[in-house]
Amino acid sequence: MPVPRHSPTNFLSSYACGAQAARYTNFQRYPYKAGRMMMEGHDLMISHPPDETTVASLVARAVKGDVDGLSELLAIFGPRIESNLKIGRSWRPMIEPGDVMQVTYLEAFLQISGFRPELAGSFEAWLRRIAENNLRDAIRGLERQKQLPPERRIERFESTDSYVGLFERIAATTTTPSRLAARNDIQRLLNAAIDRLPPDYAAAVRLYDLEGRTIADVSAAMHRSTGAIHMLRARAHERLGELLGTASAWFDSSA
């Protein structure tokens, strides 16, 4: 039985070589228990989930960077969350549950080191919030795209202007970036930040925000649904915001 393309193991392994995965030094040596279970035909919709003590142990391991523990958690709770996603009939042709879970698994991988059970509640509730947030962003993006007339669905920029536009959107500052530094500085900083994103996040930003392609074109180029592109772009913007910090901090540090 082949591993589903949106399984925790398959999706996380596709990012093993990315810069964001550097803290998991044992990632490429990971034996992928969840993947073996899927290939052997085991049902991951576990009828008797592990007890709280076992889950707590897996969470503790995952938070410390143990990919084995994280993948076991995703294999336990991911399918149940996917099966309970509520996608409206009108959005189903554009958003698949697997799309939502792909981005959710990656976000869990990126965010797990900051997970605090005492603040975020159970791991399952935390993972479900990530999935629901991804689904909301996909729907919001599709709604915005649907409301705009075709001629306004994408604002095309020339060369470094696209970087300035993206920087203004990410920085969320009232200070115009072009007044703080030359455009080529903005381009250099954004390129450096984008290079640190997971591959699909980087591709969505480069194709849509920087090259000015339509969502349909980006979807075709990346072989992903339009809903998935909106999710990837939303998460990419969040990660860029974290990497860039405030505009003033970045330009001060580069002075």
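The values are calculated or read from the model by the stated rules, or taken from the named source; none is laboratory data. This structure is a prediction, so every number in the text was calculated from the model and none was measured. Cβ placement follows ideal geometry from the backbone for every residue including glycine, while neighbour counts extend to all protein chains displayed.
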So, restricting to helices (runs of 4 or more DSSP H) that lie completely within region 134-209, which ones have at least 2 residues that are surrounded by fewer than 18 Cβ atoms within 10 Å (Cβ to Cβ) and modelled with pLDDT of 70 or more?
160-171, 183-194
Would you point out the residue of region 210-228, among those that are assigned to a helix (DSSP H, G or I) and touching a residue at least 40 places away in the same chain (Cβ under 8 Å), that is surrounded by the most Cβ atoms within 10 Å (Cβ to Cβ)?
Gly227
The conditions are (1) modelled with pLDDT under 95; (2) buried (at least 16 other Cβ atoms within 10 Å of the Cβ); (3) over 22 Å from Met94 (Cβ atoms), and Leu127 fails exactly one of them. Which is it?
(1)
Residues being acidic (Asp, Glu) and touching a residue at least 24 places away in the same chain (Cβ under 8 Å): count how many of those fall in region 103-131.
2
Would region 28-40 turn up any residue that is among the hydroxyl-bearing types (Ser, Thr, Tyr) and either at pLDDT 90 or above or over 28 Å from His223 (Cα atoms) (or both)?
no
Considering residues that are small (Gly, Ala, Ser), modelled with pLDDT of 90 or more and assigned to a loop (DSSP other than H, G, I, E, B), the number found within region 41-67 is 1
